[in-house]
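Note sheet for the following structure.
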Amino acid sequence: MVENYTQEQIIALARLAADDYAAACTGPTIRGRNGEKHLRGKSIEEVAKKNGISVEEAEALTVDLSVTPFDLLPEHWQQVNIESAKGMIALLPAFAEDGFDGATVIRLVLAVPDSSIKAKYAAILHRAWLQLPANSWALGGDLDRPFEELPSEEQAKDVQQLMSLHAWLCSLDA
């Protein structure tokens, strides 16, 4: 499925999804600039305290994914978003139904402004996302449950990613 799209198209989805993810976040999402797990947190101050470093040192070592546009992300996080975009493309067959391929379903169905329809497809996206090898880190954790049982902020992220996929697919038709 991914091989049907150019690298430029994949990067366009990565850019769109990263920027939409940032817009869907309800607060800071602090991460290590190169993915360092010990530099994760909800605030720079929390990360600094947890690691025994100054706030200034923590700022230099981290990035806030909730406010940083794709083009300003460190290379590590750009690559993470590109791999995520490939993962979303790989999920397209999971949306297929009634004789329509998944890309067609997403293009047509999500144009309808019905939140229950969006929730239905976000639930499919969430289930398929959990099964991607790149997301094995989520298994057994807070995100490893049905979409309907996720906190509303996590549901919003899934819906937003789905809408990013929809916007991207529609842009390919333009």
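Quick notes on this one:
- ALA134 passes every criterion in (1) in a loop (DSSP other than H, G, I, E, B); (2) touching a residue at least 40 places away in the same chain (Cβ under 8 Å) apart from (1).
- In segment 30-56, the residues that are at pLDDT below 90 and of a type in the set (S, T, N, Q): none
- Residue among LEU169, LEU143 that alone is at pLDDT 85 or above, surrounded by 12 or more Cβ atoms within 10 Å (Cβ to Cβ), hydrophobic (A, V, I, L, M, F, W, C) and assigned to a loop (DSSP other than H, G, I, E, B): LEU143
- Test: residue in segment 31-51 that is within 21 Å of ILE11 (Cβ to Cβ), of a type in the set (A, V, I, L, M, F, W, C) and surrounded by 20 or more Cβ atoms within 10 Å (Cβ to Cβ): no
- Hey, ASP101 closer than 24 Å to SER171 by Cα, of a type in the set (Asp, Glu) and touching a helix residue (DSSP H, G or I) at 6+ places or on another chain (Cβ under 9 Å) or not: yes
- For VAL112, the conditions (1) farther than 30 Å from GLU36 by Cβ; (2) touching a residue at least 12 places away in the same chain (Cβ under 8 Å); (3) among the aliphatic types (A, V, I, L, M) are fulfilled apart from (2).
- Near pairs, Cβ below 7 angstrom, 6+ apart or cross-chain, from segment 156-174 (within 12 Å of ILE106 (Cα to Cα)) to any residue that is among the hydroxyl-bearing types (Ser, Thr, Tyr) and buried (at least 23 other Cβ atoms within 10 Å of the Cβ): LEU162/TYR121
- Note on segment 6-45: among residues that are of a type in the set (Ser, Thr, Tyr) and out of contact with any helix residue (DSSP H, G or I) (no Cβ under 6 Å at 6 or more places or on another chain), the one that is farthest from THR68 (Cα to Cα) is THR6.
- Index of the failed condition, LYS86 passing every other in (1) modelled with pLDDT under 90; (2) within 14 Å of the chain's Cα centre (by Cα): (1)
The values are calculated or read from the model by the stated rules, or taken from the named source; none is laboratory data. Here the structure is a predicted model, which means the values were calculated and not measured. Using ideal geometry, Cβ is built from the backbone for each residue, glycine included, and neighbour counts are taken over all protein chains shown.
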